[in-house]
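Novice: Sharing a structure, written as structure tokens. Questions coming.
The values are calculated or read from the model by the stated rules, or taken from the named source; none is laboratory data. Only a predicted model underlies this, so the values are computations on that prediction, with no experimental measurement involved. Every residue, glycine among them, receives a Cβ derived from its backbone with ideal geometry; neighbour counts consider all protein chains shown.
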Amino acid sequence: MDTQPDCAENTLTEEQRIAIISETIERLRPGLQADGGDMEIVAIEGYKVRLRLKGMCAGCTSSGETLGGIRRQLMLALGEDQPILVLPELRPI
């Protein structure tokens with residue numbers, strides 16, 4: 001008997017989605033830290049993730065590419081057909 005869920009039925013709960021997003025961000029942080037940057041999660045609202053870029057990543061001209069790469073990694077990790085939006089948090093702490 002196959003226990004694998006059908007892809008169309010593979011819907012995550014909000015708690016599962018938040019856990020996967022958090023784990024993926026933590027897995028990606030060392031790559032940014034190696035270049036003198038960092039990031040932290042500000043908010044996760046459904047399929048919208050707000051990140052604060054820090055260090056060398058804050059204000060970097062390549063930050064859009066960085067956010068795009070993070071978005072792709074999140075979509076792979078979530079394994080859902082739903083698009084995810086990754087936005088920089090622009091307000092100061």
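Novice: Sort out which residues of the range 34-90 are more than 22 Å from residue 13 (Cβ to Cβ) and of a type in the set (S, T, N, Q), and write them in order of number.
Specialist: The answer is 61, 62, 63, 66.
Novice: Within the range 43-93, which residues are over 22 Å from residue 19 (Cβ atoms), hydrophobic (A, V, I, L, M, F, W, C) and surrounded by fewer than 11 Cβ atoms within 10 Å (Cβ to Cβ)?
Specialist: 90, 93
Novice: Also, quick follow-up: Would you pick out the residues in the range 9-36 that are among the charged types (D, E, K, R) and part of a helix (DSSP H, G or I)?
Specialist: Across the range 9-36, the qualifying residues are 9, 14, 15, 17, 23, 26, 27, 29.
Novice: Also, quick follow-up: Which ones in the range 45-66 are touching a Ser or Thr at 6+ places or on another chain (Cβ under 8 Å) and either in a strand (DSSP E or B) or at pLDDT 95 or above (or both)?
Specialist: Of everything in the range 45-66, just one residue is touching a Ser or Thr at 6+ places or on another chain (Cβ under 8 Å) and either in a strand (DSSP E or B) or at pLDDT 95 or above (or both), namely 53.
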